[in-house]
Amino acid sequence: MGTDRRGLALSTDDPAAIAGIDTFVESFISYGVTAGAIFDAAKATPDQVLVNAKAAALHLFMQTGDAVANAAPFLARAEANLAQALPREKLWYELVRQWWADDIPAAIAAAEEIVRLFPADIAAMKLGQVHQFHLGDHPAMLRLAEAARAGCEDSPYFHGMLAFALEENNRLAEAEAAARHAIAMQRAEPWAHHAVAHVMEAQGRVREGASFMAEHSDTWAGCNSFMLTHNWWHLALFAMDSDDPERALRLFDEHVWGVWKEYSQDQVNAVSLLARLEFVGLDVGDRWQDVAQYLAGRLHEHVEPFLDLHYLLGLVRAGREASATELLGSMAEHARARTGKPGGGAWREVALPLGRGILAYGDENWPEAFRQLGQGLPRCQEIGGSHAQRDLFHWLWLEAGYRAGAFDTIRPDLQARLAARPDVARHRRELARIA
């Protein structure tokens with residue numbers, strides 16, 4: 001018997017297993033680059049349930065088409081050794097097994113049970129929040145954070161996670177306070193920086209947000225590609241809202257695209273930023289072509305609707321009509337296969353209308369794009385992604401509405417955007433052009 005760095009009991013005292021677990025947890029909650037140490041630990045201690053469960057989780061977290069197959073051997077080894085596992089370790093196996101089986105609600109339930117029984121398990125809190133976020137269940141993210149508070153309040157990463165949950169629940173002042181508390185505990189807390197960026201973006205504090213993120217950008221060098229590129233993505237959004245799209249394009253070239261082009265989240269950042277730059281009239285040159293070559297192999301993965309819709313938009317903007325049509329058709333087949341299963345409604349009733357709208361947008365069929373996008377938007381939260389990320393689809397709808405001449409329909413939305421962020425000059429121009 002041993003314990004990990006957070007004092008949680010382990011069924012092993014093997015130094016390799018404990019070091020692998022501790023390194024994985026620290027990297028996972030800090031968006032570091034050393035989580036892969038869990039694979040070495042699994043090789044060294046193949047009979048350890050928690051080590052193998054976390055190795056399987058890391059494969060699934062990569063969101064690739066072969067993730068399920070890659071995770072399977074680790075889950076098999078964990079299952080074979082369950083008799084010797086402690087209760088928390090068995091729950092971790094259940095969490096990852098349900099994730100592997102694509103029953104995300106059951107995976108979330110296991111994460112919630114771990115945190116209820118073992119509130120110091122900050123990695124379980126993080127993984128549970130990730131899944132809740134992908135389902136758009138923001139109140140659950142906050143409940144999970146509160147359940148972990150007693151065991152995790154000593155960690156700056158806990159306060160960063162709490163801050164983001166508060167932000168997604170539109171409790172912006174509390175979110176900023178929690179994030180700043182995390183940063184006071186540890187300046188290099190990228191998820192807390194990210195939460196502050198979300199708050200300031202939502203409030204239209206664009207120059208303040210740009211300054212804040214730039215001041216902390218020196219701490220991101222050790223982050224994994226998602227956190228590194230995503231925080232720079234936020235800085236690029238602030239540049240756009242400050243009427244400096246050329247700077248945003250430079251940030252795309254220097255920091256947002258090119259770190260790990262094969263990774264899904266890096267691709268999402270690239271697609272969403274290029275689309276926004278086009279919305280404000282910037283010519284992005286041949287950058288769509290570079291991004292699209294990494295999307296072309298993802299036509300039948302369907303890890304999440306949020307990802308598929310970004311892939312679809314990237315292919316459309318790159319002019320890859322055949323691939324885009326194939327992806328949308330495959331999404332429809334996947335949606336049919338998920339009828340009656342968790343998440344099926346989000347695929348069928350949200351992702352497919354949005355996808356059809358994106359394809360119509362590419363065809364410049366503005367009335368159809370406007371209609372289809374408008375059908376999916378009311379439940380857009382169900383596909384995952386943050387408020388700021390999902391705004392891409394709202395913006396597509398507004399652009400399609402403008403081009404379709406649906407001024408009376410989009411005017412209230414444009415007025416609401418200006419009221420929420422009165423210092424963003426772009427919103428005044430968007431409203432003025434339909435006057």
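Just a few scattered comments:
- Restricting segment 179-205 to residues that are in a loop (DSSP other than H, G, I, E, B) and within 21 Å of the chain's Cα centre (by Cα), the residue that is farthest from Ala388 (Cα to Cα): Ala188
- Filter result (buried (at least 16 other Cβ atoms within 10 Å of the Cβ), in a helix (DSSP H, G or I) and out of contact with any Lys or Arg (no Cβ under 6 Å at 6 or more places or on another chain)) within segment 333-348: His334, Gly345, Ala346, Arg348
- Residues of segment 93-108 satisfying the condition of being in contact with a helix residue (DSSP H, G or I) (Cβ under 8 Å, 6 or more places away or on another chain) and either under 20 Å from Pro156 (Cα atoms) or not charged (D, E, K, R) (or both): Tyr93, Leu95, Val96, Gln98, Trp99, Trp100, Ile104, Ala106, Ala107, Ile108
- Evaluation of Val51 against (1) buried (at least 17 other Cβ atoms within 10 Å of the Cβ); (2) at pLDDT below 95; (3) not polar (S, T, N, Q) (one fails), failing number: (2)
- Residue, farthest from Ser27 (Cα to Cα), within segment 37-46, restricted to residues that are of a type outside the set (Phe, Trp, Tyr) and crowded, with 17+ Cβ neighbours inside 10 Å: Thr45
- Test for Thr325: is it outside any helix (DSSP H, G or I) and either free of Cβ contacts under 8 Å to residues at least 60 places away in the same chain or of a type outside the set (S, T, N, Q) (or both): no
- Only residues that are within 22 Å of the chain's Cα centre (by Cα), part of a helix (DSSP H, G or I) and of a type outside the set (A, V, I, L, M, F, W, C) were counted in segment 51-75, giving 3.
- If you go through segment 240-263 and keep only what is of a type in the set (Gly, Ala, Ser) and surrounded by fewer than 23 Cβ atoms within 10 Å (Cβ to Cβ), you end up with Ser242, Gly258.
- Number of the condition not met by Ala351 [criteria: (1) small (Gly, Ala, Ser); (2) surrounded by fewer than 19 Cβ atoms within 10 Å (Cβ to Cβ); (3) modelled with pLDDT of 95 or more]: (2)
- Among the numbered conditions (1) surrounded by 17 or more Cβ atoms within 10 Å (Cβ to Cβ); (2) more than 23 Å from the chain's Cα centre (by Cα); (3) outside any helix (DSSP H, G or I), the only one that Asp154 does not meet is (1).
- Number of the condition not met by Pro105 [criteria: (1) farther than 25 Å from Trp260 by Cβ; (2) of a type outside the set (Gly, Ala, Ser); (3) part of a helix (DSSP H, G or I); (4) free of Cβ contacts under 8 Å to residues at least 40 places away in the same chain]: (4)
- Residue that is nearest to Gly222 (Cα to Cα) [pool: residues in segment 18-31 that are over 16 Å from the mean Cα position of the chain (by Cα) and of a type in the set (Gly, Ala, Ser)]: Ser27
- Taking residues in segment 276-291 that are over 13 Å from Arg320 (Cβ atoms), and partners anywhere that are not in a helix (DSSP H, G or I), the pairs with Cβ atoms closer than 6 Å and at least 6 places apart or on different chains are Leu277/Val284.
- Against the conditions (1) of a type outside the set (Val, Ile, Thr); (2) within 21 Å of Ile104 (Cα to Cα); (3) at pLDDT 95 or above; (4) under 20 Å from the mean Cα position of the chain (by Cα), Gly344 satisfies every one except (3).
- Comparison of Leu354, Leu295, Leu309 shows that the only residue that is in contact (Cβ under 8 Å) with a residue 24 or more places away in the chain, in contact with a Leu (Cβ under 6 Å, 6 or more places away or on another chain), of a type in the set (A, V, I, L, M) and more than 26 Å from Ile108 (Cβ to Cβ) is Leu295.
- Criterion: surrounded by fewer than 24 Cβ atoms within 10 Å (Cβ to Cβ), at pLDDT 95 or above, more than 21 Å from the chain's Cα centre (by Cα) and in a helix (DSSP H, G or I) - qualifying residue of Glu208, Glu176: Glu208
- Checked against (1) surrounded by fewer than 21 Cβ atoms within 10 Å (Cβ to Cβ); (2) under 26 Å from the mean Cα position of the chain (by Cα); (3) modelled with pLDDT of 95 or more, Asp408 passes all but a single condition, namely (2).
- Residues in segment 64-89 that are surrounded by 17 or more Cβ atoms within 10 Å (Cβ to Cβ) and modelled with pLDDT under 95: Thr64 only.
- Search result, residues across segment 20-43 that are touching a helix residue (DSSP H, G or I) at 6+ places or on another chain (Cβ under 7 Å), assigned to a helix (DSSP H, G or I) and small (Gly, Ala, Ser): Gly20, Ser30, Ala37, Ala41, Ala42
The values are calculated or read from the model by the stated rules, or taken from the named source; none is laboratory data. Keep in mind that this is a model prediction, so the values were computed, not measured. Backbone-built Cβ (ideal geometry, glycine too); neighbour counts: all protein chains shown.
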